[in-house]
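Enquirer: Once you've had a glance at the structure underneath, I'll fire off some questions.
The values are calculated or read from the model by the stated rules, or taken from the named source; none is laboratory data. What you see is a predicted model, and the numbers here were worked out from it, not measured in a lab. Every residue, glycine among them, receives a Cβ derived from its backbone with ideal geometry; neighbour counts consider all protein chains shown.
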């Protein structure tokens, strides 16, 4: 496809959303089927992520997909492996936080950690670079405002007023997807009255690749290891608090914020300090009732927004990308119309149950652990300790976290489509 759009341009796939998941679909499709015309419409300007200092947890299965697409080797140079994870359940006032559960990679067949932390700038930069390399066109600072579904193609109206035609429109436009609403797809949604605070901290002692999840009465407090930078040891925080307290923390001065942070982070890594901007976002559960319509598909947060308690949100999106790309490419090889609902039903069957299951699991975990009810505290502490003594169950949890559980699309197994 040409680098410019016009009123008569016809596409195989138009992807609304230039985040990680949208770009992954585009790269995966174009990588396996170079003849297909793929366009990504990204509302953000091209330099939008240049100041993003955050990082994302990439599960082992997702790293296999990125490796198959020719991206992982370069990313790995700036990634931090998560070699171990510990889980505690305590109050902020407790002098000691007993460790109830420990995870390490027990998969003897692969020597890979169950996850890596990758800087967001590195991840999106690699995806954008590969997209352009394989011939995907990216329109930055543009939006998909409307669409009319018809055959053999749907008509797309961009924010600039330009019109395009595509065999398949893929909505990767986030948890508040406007395209999902225009497609008439309803959602199941409830709010947790919690917010997730995200920032980066530097600390005196090295983390040795260990992640920690502390279940506190206000919500889970996760520390995730990052690569050292400028000679400083660093970790990423995902900190859950009730909405009112989260807003108070966001408005607090640096001194107050660091005092509150220290009471949760502890002193195990020595002196700590905030090393990045604070960001906060509301938490809730959003599950699309359907993932597809005729010539239309949802991926990523547009299909499912879940609690970050298990760190699986982005990795569910990568699974969507791998499954949808495989569905599209294999249907095209058979000479089928990739936009037909009967073709897209394969993708929906592949992904809907898995995402609903994960959404309900994270919902249950959040409700179980985000409280200070003594009987529940006793039950969950006993349960965590029991799991820690059962290698088979621990391996099941690790495989789930690594994305190795269940029947995966080819890319997640490191195989070509």
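Enquirer: Got a number for residues in the stretch 251-267 being assigned to a helix (DSSP H, G or I) and either within 25 Å of residue 85 (Cα to Cα) or in contact with a strand residue (DSSP E or B) (Cβ under 8 Å, 6 or more places away or on another chain) (or both)?
Expert: 10
Enquirer: Give the residues of the stretch 344-372 that are touching a strand residue (DSSP E or B) at 6+ places or on another chain (Cβ under 6 Å) and under 16 Å from residue 193 (Cβ atoms), sorted by residue number.
Expert: Hits for the stretch 344-372 are 363, 369, 370.
Enquirer: Being over 21 Å from residue 152 (Cα atoms), out of contact with any strand residue (DSSP E or B) (no Cβ under 9 Å at 6 or more places or on another chain) and modelled with pLDDT of 95 or more narrows it down to one residue among 49, 71; which is it?
Expert: Working: 49 fails: modelled with pLDDT of 95 or more.
One residue alone meets the criteria, 71.
Enquirer: Out of 378, 358, 364, report the one residue that is farther than 24 Å from residue 115 by Cβ and either at pLDDT 90 or above or assigned to a helix (DSSP H, G or I) (or both).
Expert: Going through 378, 358, 364 in turn, just one is farther than 24 Å from residue 115 by Cβ and either at pLDDT 90 or above or assigned to a helix (DSSP H, G or I) (or both): 378.
Enquirer: Now for a different question. Could you tell me how many of the residues in the stretch 32-41 are surrounded by fewer than 24 Cβ atoms within 10 Å (Cβ to Cβ) and in contact (Cβ under 8 Å) with a residue 60 or more places away in the chain?
Expert: The total comes to 5.
Enquirer: Moving on. Of 335, 339, 359, which residue is crowded, with 19+ Cβ neighbours inside 10 Å and over 21 Å from the mean Cα position of the chain (by Cα)?
Expert: One residue alone meets the criteria, 339.
Enquirer: Can I ask one more? In the stretch 281-296, what residues are over 10 Å from residue 185 (Cβ atoms) and touching a strand residue (DSSP E or B) at 6+ places or on another chain (Cβ under 7 Å)?
Expert: Filtering the stretch 281-296 down to residues over 10 Å from residue 185 (Cβ atoms) leaves 281-287, 294-295.
Result: 281, 282, 283, 284, 285, 286, 287, 295.
Enquirer: Same structure again: Considering only residues that are under 26 Å from residue 312 (Cα atoms) and surrounded by fewer than 21 Cβ atoms within 10 Å (Cβ to Cβ), which ones fall in the stretch 238-260?
Expert: Filtering the stretch 238-260 down to residues under 26 Å from residue 312 (Cα atoms) leaves 238-247, 249-250.
Across the stretch 238-260, the qualifying residues are 238, 242, 243, 244, 245, 247, 249, 250.
Enquirer: Could you please give the count of residues in the stretch 13-33 that are over 8 Å from residue 170 (Cβ atoms) and part of a helix (DSSP H, G or I)?
Expert: 11
Enquirer: Consider the stretch 160-192. How many of its residues are under 22 Å from residue 24 (Cα atoms) and within 24 Å of the chain's Cα centre (by Cα)?
Expert: Final tally of qualifying residues: 13.
Enquirer: Exactly one condition in (1) part of a strand (DSSP E or B); (2) modelled with pLDDT of 95 or more is not met by residue 248; state its number.
Expert: Residue 248 satisfies every listed condition except (1).
Enquirer: Here's something else I'd like to know. Can you find a residue in the stretch 211-220 that is surrounded by fewer than 18 Cβ atoms within 10 Å (Cβ to Cβ) and in a strand (DSSP E or B)?
Expert: No, the stretch 211-220 contains no residue that is surrounded by fewer than 18 Cβ atoms within 10 Å (Cβ to Cβ) and in a strand (DSSP E or B).
Enquirer: Residues of the stretch 234-245 being in contact with a strand residue (DSSP E or B) (Cβ under 8 Å, 6 or more places away or on another chain) and assigned to a helix (DSSP H, G or I), which ones?
Expert: Taking the stretch 234-245 first, the residues in contact with a strand residue (DSSP E or B) (Cβ under 8 Å, 6 or more places away or on another chain) are 234-243.
Within the stretch 234-245, just 243 meets the criteria.
Enquirer: Can you confirm whether the stretch 120-135 contains a residue that is over 20 Å from the mean Cα position of the chain (by Cα) and either surrounded by 15 or more Cβ atoms within 10 Å (Cβ to Cβ) or at positive phi (or both)?
Expert: Looking for residues that are over 20 Å from the mean Cα position of the chain (by Cα) and either surrounded by 15 or more Cβ atoms within 10 Å (Cβ to Cβ) or at positive phi (or both), one finds at least one in the stretch 120-135, hence yes.
Enquirer: Which condition number does residue 1 fail, the rest of (1) in a loop (DSSP other than H, G, I, E, B); (2) closer than 30 Å to residue 152 by Cα; (3) touching a strand residue (DSSP E or B) at 6+ places or on another chain (Cβ under 9 Å); (4) modelled with pLDDT of 85 or more being met?
Expert: Of the numbered conditions (1) in a loop (DSSP other than H, G, I, E, B); (2) closer than 30 Å to residue 152 by Cα; (3) touching a strand residue (DSSP E or B) at 6+ places or on another chain (Cβ under 9 Å); (4) modelled with pLDDT of 85 or more, the odd one out for residue 1 is (4).
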